[in-house]
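Shown next, in structure tokens, is the structure this report addresses.
Derivation of every value follows stated rules applied to the coordinates shown; laboratory data play no part. All figures in this text were calculated on a predicted structure; none of them were measured in a lab. When we count neighbours, we look across all protein chains shown, and the Cβ atoms used for this are built from the backbone with ideal geometry, even at glycine.
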Amino acid sequence: PSKIKRLYAGTAAGLIVSQDDGLTWVRYDGVSATAIVTEIQFGLANADLYVTTDPGVIMVPAP
């Protein structure tokens, strides 16, 4: 990730992101809240995220 304090977590309710080393978390709107996220990969230059979900893989801009 391009930001040291930024963390990502895949959940059974979509993707969540922390901007403060995990102190607080918010749901990332680029991934459906009904998607089960099983894997997260960073694209070139950390500009995109490739998120594996129960229906398939989606590419979203990194928050």
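A few comments on the model shown:
- Note on Leu49, Leu23: ascending count of other Cβ atoms within 10 Å places them as Leu23, Leu49, the fewest first.
- J(HN,Hα) series, the stretch 51-56, from Karplus relation 6.51 cos²θ - 1.76 cosθ + 1.60, nearest Hz, glycine and proline x: 10, 8, 10, 4, x, x
- Angstrom value of the Kirkwood radius, inverse mean 1/r, which spans all Cα pairs in the chain: 11.6 Å
- Theoretical gain in end-to-end length, Asp20 to Ile4 [0.36 nm per residue, Cα-Cα removed]: 4.9 nm
- Here's how it looks for Val31: its modeled amide H is under 5 Å from those of Leu15, which are all 5 or more places away or on a different chain.
- Each of Gly10, Pro63, Gly30 was placed along the dipole of the chain (beta-carbon charges, centred on the mean Cα), and the one lying farthest toward the positive end is Pro63.
- Less than 5 angstrom separates the built amide H of Thr11 from those of Ile16, Val37, all sequence-distant by 5 or more or on a different chain.
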